[in-house]
Structure formats: structure tokens, C-alpha cells
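Can you read through this structure? Questions will come right after.
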Amino acid sequence: MNQKLTIVLAASITAFVLILTGAIISGTTQPASASGAADLANVYAQREGEYQTRLEEANAALAEANAQQGISTQIQAESAAAQMAAISPQDALQVAFLRAPNASLLRTPELVLFQGTLAYEVALDGGMIYVDANSGALLYDGTAIVQNTSQARSFGGDDEYGEHGEHERYEGD
């Protein structure tokens, strides 16, 4: 029995020494790894800051380039459309005001494709008027008062809901 007690006591002391040694070793290395983690976090934060700065600079340069390209593209499109139109926006206004003399203009006439035809869209307080940009002919008068849908269909090509035909903004070629 004496021998069993000696073995148990030796095993307990060995376990205690190993645990104490492990605690001492981990206690001395842990502050070093904590400071290493702090250094790593500082390096990461610095790199992230530099990355964000470069990203903002690149986005600003890209936005400026897009704005310049958009402006030049818009100017080219408007110039091409104006050259294609035989009449001016002022001529389209005259046609519109002949049709609706008491109306007020809401915005400047814009070139659009109205049912496949290059036209000026004249926005008046009483409705839209579309004037052919080449001939100056009235394509659609949205200011006219129409009594029923059968008159509307025979008048200007309105559909069953009283809407005038398709149109889209003219963007040029």
C-alpha cells in the first residue's frame, strides 16, 4: 500500500508541476501576443484607411470622367437632333399656341419620337401637343376636349383608354 500511495503522490506532484509550468509559460507569452495583436490591428487600420482614401479618389476621378463624357454625349445628341429637325423649338411653340392660344407653357419643347416620327413635345398646362419636327405639322393635340372615345379614336389615334400613342425621348444617333 505504501507503494500505491507513493505512485499517486508522485503523479499528483507531476501533474501540479506541469500545470504550474504551463500557466507560467502561457502567462509570459500572452502579453506578447496581445501586443502583437494590437500591432496587427494598427497595421490593418492604417492599410484600411489608405485603401478607403484611394477608393474615394478613384471614385471621384471616375465620376468626373463620366460627367464629362455625359455632357459631351448630351451636347452631341442635342446638336445632331437639332440639325435633323427642320423647324426650331420656337416654330413648334407657335404651332402649339395657334392650337391652344390661352394655354401656358410648362417647359421648353423637347425633341421626342412620337409614333416613330421625330417631333417636338410641347407641354402646356392643358395637355401635350406634338409637332412634327420636319414639317411643322400637328401630330397630336392633347389639349382638345373630346366628348367620347369614338371621337377620340377618329380624331387622333387615341387608344381605348383615351391615351395618345407611343412616344419616347429622342436621344440622337
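The values are calculated or read from the model by the stated rules, or taken from the named source; none is laboratory data. Everything quoted here is computed from the prediction, not taken from an experiment. Every residue, glycine as well, gets a Cβ built from its backbone with ideal geometry; the counts of neighbours run over all protein chains shown.
Given the criteria at pLDDT 85 or above and exposed (fewer than 10 other Cβ atoms within 10 Å of the Cβ), does Arg107 qualify?
yes
Could you tell me whether any residue of segment 61-78 is polar (S, T, N, Q), modelled with pLDDT of 85 or more and not assigned by TED's automatic domain parsing to the domain that holds Leu113?
No - not one qualifying residue is present in segment 61-78.
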